[in-house]
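First the structure, in the form of structure tokens, and then the observations on it.
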Amino acid sequence: MSDSQQLSITSILQTVKLYWQELWRRKWWVVLSAIVLSGALLTSAWLTPKKYVAPLTFMVDSEGGSSIGNGVTAMLGQFGLGGANTSGHNYDKLVELALSRMILTDVLKTKTNFNDTFDYLGNHVLKTYTFQLPKKSNEEQIFWFTDDTSDTYLEDELQAILTLTKFVRGNPQKGVPGLLTIGYDDESTVLTIKAKTINEDLSTVLAIVEYDVLSKFYIYNTTKKQKTTYRQLSIKVDSIQGELRAAEAQFARFMDLSGIYLNQDKLPREQLARKIEVLYIMYGETLKNKETADFLLKNATPYFQVIDYPVGPYQPVGKSRLKSLILGGILGGFLSVAFILGRFWFIEQLQKEKLQS
């Protein structure tokens, strides 16, 4: 080994020794920093309320919209009565819909039992989280959901819903958790609604109400066109049936008349007989289309099936106190060591500059 290499190694060892001596001389600052930061993180974990997760799993039957239904829809479409057929269910769309303001508004305005009180779910959330939403019309009063329908109340309600839906939905992109989440498994297509609140019973109620509102809204909108088609055909069947009965009664009166008929007297009766025949054909075809529309409606109606309802008690989740204590000690020690060594290096550089000058 050359002399220059020996000198280099010796210089490195001397530098390490100096830094270690400086660190050992200020070791109590490292200990104190570790204790302070671990204490801060432990206090934060202690003060953070535990949360309870209520999971509700369900499936949506997507067998609607078979090839038979598609053919029948095409046939009805020739008469301008065909509704849109459903070939499956878009689970991503369902997930987006579940946390939309429209659905969450219905959830918050649903009356339900909680803590032996029958009230709007929005009020239960406000009371549990001690929210205070001032009324826009009067800043000294606190907003509560009521049955009021006045313009002033509806203004306050809209502002309250905007605030609460943001709180319920959260902002996952920014790391802000919400009270509700929904997702699904790609393979099993099992959907899961999770309500996570600081109250065990509120989590259960919130998950169930979210499912009820979502399923009813989705079923209604999926079958809306088919229901319109079925309703139009039902009206048409009733109309033709009424006209047919009237024509049959009139024809019966013609047949009851006695006497000698002239050819010109027979003409109205023959016209009426042809009309009845046409009405019979129309009635048969329309009735068949009505039954087809009924089949399409049942075929397109999605079937929501709950797999598991949320049932407590739930294991509380939150910040681990032990993990916070250890993490705080490691982080506090690391930061203090970095500060001490950085400070020592900076002082050394200043001294070298003074000597050189």
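All of the numbers you see were taken from the coordinates with simple rules; none came from a lab. Owing to the predicted nature of the structure, the values given are computational and were not obtained by experimental measurement. As a convention, Cβ positions derive from the backbone with ideal geometry for all residues, glycine included, and neighbour counts pool all protein chains shown.
Brief remarks on what is shown
- Sites LEU97 and ARG231 - FRET efficiency at Förster radius 25 Å, r taken between beta-carbons, to 0.05: 0.50
- Extension gain, LEU32 back to LEU325 (0.36 nm per residue minus Cα-Cα distance, nm): 104.1 nm
- Our estimate of slack between LYS288 and GLN250, defined as 0.36 nm per intervening residue step minus the Cα-Cα distance, is 11.1 nm.
- In this simple spin-label approximation, ILE142 and ILE12 carry label points 7 Å from Cα along the Cα→Cβ vector, and these lie 6.7 nm apart.
- Put a dot 7 Å past the Cα of VAL190, heading toward its Cβ, do the same for GLU277, and the two dots end up 6.4 nm apart.
- The convex hull around the C-alpha trace of the stretch 100-253, projected and averaged over every direction, spans 16.3 square nanometres.
- Cβ-derived FRET efficiency at R0 35 Å, MET59 paired with ASN113, nearest 0.05: 0.85
- Spin-label pair ASP201/GLU22, simplified geometry with 7 Å Cα→Cβ offset, distance in nm: 6.2
- A cut-off of 5 Å between modelled amide H atoms, ignoring neighbours fewer than 5 places along the same chain, links ASN199 with TYR52.
- FRET efficiency for TYR129 and PHE295, using Cβ-Cβ distance with R0 set to 51 Å, rounded to 0.05: 0.60
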